[in-house]
Amino acid sequence: MSINDLTNAVQLSSTSYTDGYKQRSDGNPAEVAREQMNPLLNHISERNELSTTSNKSVIGTGKNENTILTEQADSSPDYKRSSVVKRIAENLAPANLCPQFNLPLRIATVILMLLLLWGVMFTIFQDAVLPQSKIFELTTVVILAYIAGWLVSLIRLPPLLGMLVTGILLRNIGSFHMVGSYATAVSTLRLVAMVVILIKAGLGLDSAALRRLSFVVTKLAFIPCLVEAATDAVVAHLVLGFPWLWGTLLGFVLGAVSPAVVVPSLLGLQEKGYGEDKGISTLVIAASSIDDIAAISGFGVVLGLIFSKGGDLMQQLVHGPIEVAIGLSFGVGWGILLMFFPHKDDLWVVGERTFLIGGGGLFAVLGSSLVGYSGAGPLGCIIAAFVACSGWKLQGWSSNFNPVADIYGDIWKVFQPVLFGLIGTEIDLSQLEENTVLYGLCILAVGLMVSIVLTALE
């Protein structure tokens with residue numbers, strides 16, 4: 001229909017409506033309007049009726065237009081040939097021929113990816129990645145630690161046990177030995193892995209449970225650490241003949257709770273739903289962080305009493321409180337900053353938050369070690385993640401929806417064998433005597449029993 005036809009139709013409709021209304025002035029205006037329907041609307045109605053009739057004919061067959069078009073496409077020769085090829089490919093796939101081969105296929109895929117990665121690295125670094133190189137040794141430790149952790153997890157044991165044993169074995173059979181810049185790189189890798197798990201721990205803390213259990217956290221952080229250190233000092237003095245100060249020094253070494261060991265196990269239990277109502281994971285994660293600082297501070301004070309004089313001793317006494325102050329200040333400040341940067345509606349908000357929280361934690365840990373206050377870094381790392389996550393929850397995120405925590409969970413799967421495998425390589429069994437190991441296990445067992453009983457009584 002052209003514009004002229006449309007104009008004529010409208011004019012005809014207007015004239016017809018006016019004439020009809022004049023001829024039936026005593027009638028109802030609504031009825032007159034319905035009788036004098038606009039010709040344009042009549043035309044549209046006719047088209048709708050035709051469409052309806054067509055749809056009814058389609059419905060009568062029990063098929064819609066999309067189904068008919070799909071059947072027509074399926075009946076074409078090209079589609080039939082592609083369907084046959086597709087079915088043959090699916091039937092010949094190894095996973096379909098032998099479903100029990102799914103796991104071996106996954107392992108083979110990982111091996112293929114690793115070989116490809118090594119090939120690419122060889123084209124870039126050449127001799128630096130050959131089997132005799134330090135990079136190859138480091139890569140071997142990480143890969144074997146991951147495999148050992150996976151195998152140990154199949155018998156319901158913590159994966160870190162297999163990773164530690166792998167590192168110990170490789171070190172003591174002479175397959176791993178780092179010196180110079182490579183030793184520094186290994187130490188840095190361990191710190192990076194520790195940053196990842198500390199951030200993951202901070203993102204998983206429950207603010208409500210932390211406020212409710214603040215007094216219990218304080219007791220759990222200090223009392224077991226101090227009592228275990230004192231117990232170990234007494235046993236070391238009686239069994240090994242250590243002087244009291246040296247025994248106390250050993251006690252603070254054994255009494256320290258490593259967040260890198262405690263946090264993964266607690267987060268695993270938390271993911272399964274254990275202790276969520278009572279805030280057990282939040283309680284232990286927070287207490288272990290403070291416990292670590294208390295043990296480091298106590299070690300520094302006793303070391304100062306043994307070797308230092310005067311002013312050096314006073315510096316050791318205030319060293320612990322300074323670490324706490326630095327860690328709290330950095331953690332709160334950086335966490336508040338990340339509440340507002342980037343904006344919550346930013347297109348890349350997840351990636352930017354992931355980078356900023358990780359970069360800040362790495363700066364805190366490495367920077368605090370550089371200036372001599374190594375205990376401040378881990379504390380600041382956890383607090384920054386906790387404060388930032390609390391702000392993100394106010395902006396719409398929740399405990400069930402936290403993409404940054406999910407990303408660090410995936411990153412931890414890569415760095416877990418790095419951390420525990422490399423920790424195992426620090427143990428040189430050739431430096432230990434059999435009697436010394438037995439006495440050491442005795443001291444460790446007595447200290448742990450006292451600490452467990454005391455913690456249960458709290």
Being open to solvent by less than 50 Å² (accessible area, probe 1.4 Å), within 26 Å of Leu283 (Cα to Cα) and within 33 Å of the chain's Cα centre (by Cα) is the filter here; which residues of segment 418-453 pass it? Leu419, Phe420, Ser451
Got at least one residue in segment 242-253 being within 20 Å of Phe386 (Cβ to Cβ) and surrounded by 15 or more Cβ atoms within 10 Å (Cβ to Cβ)? no
Segment 158-182, residues that are open to solvent by less than 50 Å² (accessible area, probe 1.4 Å) and β-branched (Val, Ile, Thr): Thr166, Ile168
Considering Leu438, Leu448, Leu444, Leu422, which residue is of a type outside the set (Val, Ile, Thr) and either more than 30 Å from Ile223 (Cβ to Cβ) or in contact with a His (Cβ under 7 Å, 6 or more places away or on another chain) (or both)? Leu422
May I ask you to list the residues in segment 386-411 that are assigned to a helix (DSSP H, G or I), touching a Lys or Arg at 6+ places or on another chain (Cβ under 8 Å) and either assigned by the TED database to the domain that holds Ile336 or small (Gly, Ala, Ser) (or both)? Ala388, Trp392, Ala405, Gly409
In this structure, does Val216 turn out to be in the same structural domain as Gly361 (by the TED database), surrounded by 14 or more Cβ atoms within 10 Å (Cβ to Cβ) and in contact with an Asp or Glu (Cβ under 8 Å, 6 or more places away or on another chain)? yes
Out of curiosity, is Phe401 open to solvent by 60 Å² or more (accessible area, probe 1.4 Å) and more than 22 Å from Val263 (Cα to Cα)? no
Give me the helices (runs of 4 or more DSSP H) completely within segment 243-320, filtered to those with at least 3 residues that are of a type in the set (Ser, Thr, Tyr) and within 19 Å of the chain's Cα centre (by Cα), ordered by residue number. 280-307
Looking at Val332, Val324, which one is in contact (Cβ under 8 Å) with a residue 40 or more places away in the chain and more than 23 Å from the chain's Cα centre (by Cα)? Val324
Please determine whether any residue of segment 149-157 is over 28 Å from the mean Cα position of the chain (by Cα) and open to solvent by less than 90 Å² (accessible area, probe 1.4 Å). no
Flag for Leu457 being touching a helix residue (DSSP H, G or I) at 6+ places or on another chain (Cβ under 6 Å), free of Cβ contacts under 8 Å to residues at least 24 places away in the same chain and farther than 27 Å from His177 by Cα: no
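The values are calculated or read from the model by the stated rules, or taken from the named source; none is laboratory data. None of these values were measured; they are calculated from a predicted model. Quick reminder, even Gly has a Cβ in these numbers, built from the backbone with ideal geometry, and neighbours come from all protein chains shown. SASA here: full protein model, heavy atoms, side chains in, ligands and nucleic acids out. Shrake-Rupley method; radii C 1.70, N 1.55, O 1.52, S 1.80 Å.
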